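Inspection log for the structure reproduced underneath, given as structure tokens.
The values are calculated or read from the model by the stated rules, or taken from the named source; none is laboratory data. All values derive from a computational prediction rather than experimental measurement. Positions of Cβ are backbone-derived with ideal geometry, glycine not excepted, and every protein chain shown enters the neighbour counts.
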């Protein structure tokens with residue numbers, strides 16, 4: 001693409017334009033017209049790839065001219081008691097199209113202030129529609145505030161006079177000098193605490209779905225922290241001066257400068273696109289910017305992922321250098337120790353005041369394997385707090401020594417396996433290796449997924465961040481609190497023969513994401529090569545490769561199949577084959593779900609995983625040649641229910657009389673506890689013919705809570721549609737549904753629900769809410785005519801962005817008791833009510849539903865028959881149902897956008 005030649009500098013005001021604006025008769029509309037013209041020229045230069053640094057600095061200079069002209073036009077040009085001062089980002093002479101223009105009107109302590117003129121000046125700036133932040137303070141007031149507030153002192157050390165007597169700001173700078181307030185140690189600590197609190201706000205990750213490119217870890221604010229500390233301690237106003245002072249190498253400076261420039265270009269484009277100040281990379285903006293940054297092939301999802309991968313790589317570079325420089329600052333001038341405590345670990349490394357460092361400056365050139373050894377030592381000793389800055393820099397400078405010969409060296413492969421077996425902080429070690437660039441060099445396949453995002457709402461981290469989070473989740477299962485939060489997982493991991501194999505499988509389970517094709521199959525190749533290169537046995541290699549290939553199978557089975565069906569359990573047990581594979585796959589799946597999106601792990605999913613694991617374990621113990629049949633399972637469930645009811649002094653004759661009228665499928669697919677709960681509720685409800693609604697909560701309080709709603713009411717074709725709509729109206733999300741009938745035309749329906757607003761905050765339905773749900777359901781189900789239309793709730797912005805066509809298909813089952821209909825569709829409020837209404841109008845009886853919401857889409861399975869109970873097997877009928885339901889869902893999804 002050819003661009004016109006760039007001008008030497010971006011457009012500023014000409015002398016004639018300055019003179020025109022400085023006249024008191026020039027109106028705000030004339031100012032705005034001139035600014036629109038200049039800003040349009042800046043945007044043209046941006047599209048022509050003009051250097052962003054010159055644009056940001058040039059725009060600040062343009063507004064300097066505008067501020068000065070407005071100051072003069074309001075009669076303030078000759079005032080000697082007041083100065084116009086730029087502070088904050090504007091004080092650094094950096095400005096993006098819609099950034100705040102922060103001004104300090106600095107006044108003399110003793111002289112009177114021209115209040116009317118200042119008021120007229122500020123009012124005029126507002127008339128220009130500028131985002132101006134201003135304060136009017138004397139030197140004394142600024143000094144007092146700066147002494148007590150690190151934010152104020154930070155703004156002031158980035159100040160410059162735009163107009164007025166320069167001695168006012170010079171005098172203020174004397175009062176706020178480091179010799180007067182905020183000594184080096186306290187300023188550094190305050191900025192570090194400020195940064196830590198900011199990072200906490202963003203969950204300490206740069207890899208958010210919709211990141212704030214200014215405030216997130218690795219964002220522009222992190223770069224500014226470096227700048228602020230350097231200005232305060234080294235008295236330099238140029239980042240490049242850190243090279244001369246040996247805090248930055250030239251390569252590091254260029255890397256930091258390049259990363260900041262990239263974020264500046266994104267921020268400029270974002271402001272230009274949105275038309276206002278905006279630092280959040282929202283999904284819809286990501287799509288626009290991906291096209292603007294010339295990712296313009298036909299695959300929109302891939303374009304966004306490529307654009308965001310570049311963003312994540314830039315923030316990772318800033319975060320890495322932020323950590324390195326702040327640690328270097330700390331070691332160099334804050335905690336200088338004339339008598340450091342030094343322990344020699346071996347001839348290559350020593351520990352200085354709790355941090356490990358290389359004994360020789362050329363260690364990694366002479367002994368490249370020491371690059372892995374330092375991390376091995378960090379993981380095997382709990383008393384080492386970290387790696388010293390000089391050694392971290394040496395690691396960065398020698399990463400190019402890691403090539404295929406290095407990766408195949410038995411010394412290095414042994415060291416890496418030692419790291420995987422680290423007794424302490426193994427995931428912290430891996431994150432540090434990733435952070436410095438070592439992990440991606442040693443495992444190039446891992447390097448390929450760094451910053452690889454998935455443009456959906458289900459995966460809230462990049463692939464590399466998700467992978468290391470999964471490994472950390474596995475490590476946490478060893479912690480005491482895991483015995484309460486994950487009791488079965490905590491017990492299971494302690495019985496593994498070789499837990500390191502699980503960690504390796506975790507590292508490789510998503511290694512092929514972003515390549516196209518089936519990442520599980522592609523990842524097997526990488527896992528196989530890793531195992532062979534590291535000398536693992538055939539058994540261990542086969543287990544890891546099997547886990548990588550099948551890491552999604554248990555989750556899919558639990559969430560999308562009817563695991564109350566003995567045939568489903570037998571099929572899954574046959575697939576797993578033995579207890580060892582079951583244990584490893586179970587642990588990998590639990591850690592994976594929790595690392596994908598923490599809100600996905602709730603009491604319902606926990607109960608599904610627990611049920612599938614325990615039932616499969618029983619099947620394996622019983623032997624695959626002796627599967628449990630439906631009658632045996634029904635009898636077991638009834639026996640358990642009888643035991644519970646006897647304990648509660650329930651009349652058994654009355655209980656068995658109720659059971660005689662309920663279809664056998666109910667007893668096969670309901671646990672003994674659930675049967676007892678339902679039976680007791682029905683007996684207490686008698687002789688009323690009104691709808692019965694009973695509610696109980698599931699699981700413990702260590703994760704998001706789900707609740708069960710049991711409804712016993714006269715059978716009606718509208719029941720599921722109305723109930724789904726009512727639950728939606730009540731702010732509840734349906735996770736699972738079972739519909740059973742009795743011979744006397746009653747329906748026994750069980751819905752597993754969660755609060756729609758529950759974002760993993762341990763929010764359970766309180767008694768007041770339960771009472772509201774019960775009363776609403778009882779009233780509406782008793783008079784369904786009162787409920788004439790489906791609920792249509794507001795569709796959240798973030799869901800509107802994702803709208804793909806639905807898919808509807810029948811799928812086979814081990815035992816054809818019901819026909820299974822799978823629906824994949826965009827998540828929309830009211831969708832289940834729509835599907836229920838379709839079933840009602842089409843003469844379809846719903847027996848069970850498995851509801852899985854995966855970010856922006858739902859993957860639901862409905863177990864259905866014809867209204868008379870017959871299987872739906874005619875191909876013409878099946879095609880009609882699929883196409884008609886798909887058309888209805890697609891129209892509904894588009895209508896709610």
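Is it the case that the stretch 27-48 has a residue that's free of Cβ contacts under 8 Å to residues at least 12 places away in the same chain, outside any loop (DSSP other than H, G, I, E, B) and farther than 22 Å from residue 268 by Cα? Taking every residue of the stretch 27-48 in turn, at least one turns out to be free of Cβ contacts under 8 Å to residues at least 12 places away in the same chain, outside any loop (DSSP other than H, G, I, E, B) and farther than 22 Å from residue 268 by Cα. From the list 485, 473, the one residue that fits, being in contact (Cβ under 8 Å) with a residue 60 or more places away in the chain, over 25 Å from residue 549 (Cβ atoms) and in the same structural domain as residue 540 (by TED's automatic domain parsing), is 485. Restricting attention to the stretch 76-120, and to residues there that are closer than 20 Å to residue 166 by Cα, part of a loop (DSSP other than H, G, I, E, B) and touching a helix residue (DSSP H, G or I) at 6+ places or on another chain (Cβ under 6 Å), which single residue is modelled with the lowest pLDDT? Of everything passing the filter in the stretch 76-120, 109 is modelled with the lowest pLDDT. Of the conditions (1) in contact with a strand residue (DSSP E or B) (Cβ under 7 Å, 6 or more places away or on another chain); (2) modelled with pLDDT under 90, residue 830 fails just one. Which one is it? For residue 830, the exception is condition (1). Take the conditions assigned by TED's automatic domain parsing to the domain that holds residue 543 and buried (at least 16 other Cβ atoms within 10 Å of the Cβ) and apply them to residue 676. Does it pass? No: the conditions fail for residue 676.
Here is a yes/no grid of residues against (1) surrounded by 19 or more Cβ atoms within 10 Å (Cβ to Cβ); (2) without any contact (Cβ under 8 Å) to a residue 60 or more places away in the chain; (3) out of contact with any strand residue (DSSP E or B) (no Cβ under 6 Å at 6 or more places or on another chain):
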{"position": "821", "(1), (2), (3)": "yes, no, no"}
{"position": "838", "(1), (2), (3)": "no, yes, yes"}
{"position": "843", "(1), (2), (3)": "no, yes, yes"}
{"position": "856", "(1), (2), (3)": "yes, no, yes"}
{"position": "863", "(1), (2), (3)": "yes, no, no"}
{"position": "873", "(1), (2), (3)": "no, yes, yes"}
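Can you confirm whether the stretch 249-258 contains a residue that is crowded, with 17+ Cβ neighbours inside 10 Å and within 26 Å of residue 151 (Cβ to Cβ)? Looking for residues that are crowded, with 17+ Cβ neighbours inside 10 Å and within 26 Å of residue 151 (Cβ to Cβ), one finds at least one in the stretch 249-258, hence yes.
Counting only helices (runs of 4 or more DSSP H) that sit wholly inside the stretch 363-420, those with at least 2 residues that are over 24 Å from residue 324 (Cα atoms) and either in contact with a strand residue (DSSP E or B) (Cβ under 9 Å, 6 or more places away or on another chain) or in contact (Cβ under 8 Å) with a residue 12 or more places away in the chain (or both) are 404-408, 410-420.
Would you point out which residue out of 203, 197 is at pLDDT below 85, within 24 Å of the chain's Cα centre (by Cα) and surrounded by fewer than 15 Cβ atoms within 10 Å (Cβ to Cβ)?
203 is the lone residue from the list that is at pLDDT below 85, within 24 Å of the chain's Cα centre (by Cα) and surrounded by fewer than 15 Cβ atoms within 10 Å (Cβ to Cβ).
Anything in the stretch 765-794 that is at pLDDT below 65 and either part of a helix (DSSP H, G or I) or within 33 Å of the chain's Cα centre (by Cα) (or both)? List them, or say none. Of everything in the stretch 765-794, those that are at pLDDT below 65 and either part of a helix (DSSP H, G or I) or within 33 Å of the chain's Cα centre (by Cα) (or both) turn out to be 784, 785, 786, 790, 791, 792, 793, 794.
The residues of the stretch 553-565 that are surrounded by fewer than 22 Cβ atoms within 10 Å (Cβ to Cβ) and either modelled with pLDDT of 95 or more or on the phi > 0 side of the Ramachandran plot (or both) amount to a single one, 553.
What residue, of 506, 517, is touching a helix residue (DSSP H, G or I) at 6+ places or on another chain (Cβ under 9 Å) and under 30 Å from residue 304 (Cβ atoms)?
Every option except 506 fails the conditions.
Among the criteria (1) over 28 Å from the mean Cα position of the chain (by Cα); (2) assigned to a helix (DSSP H, G or I); (3) over 15 Å from residue 552 (Cα atoms), the one residue 582 does not fulfil is (3).
Condition (residue is in a helix (DSSP H, G or I) and closer than 30 Å to residue 846 by Cα) applied to the stretch 623-630: is it met by at least one residue? Even if it seems obvious, please write down each step before you answer.
Going through the stretch 623-630, the residues in a helix (DSSP H, G or I) turn out to be 630.
This time we only want the ones that are closer than 30 Å to residue 846 by Cα, so: 630.
Looking through the stretch 623-630, at least one residue is in a helix (DSSP H, G or I) and closer than 30 Å to residue 846 by Cα.
With respect to (1) in contact with a strand residue (DSSP E or B) (Cβ under 9 Å, 6 or more places away or on another chain); (2) modelled with pLDDT of 90 or more; (3) within 30 Å of residue 554 (Cα to Cα), the lone exception for residue 704 is condition (2).
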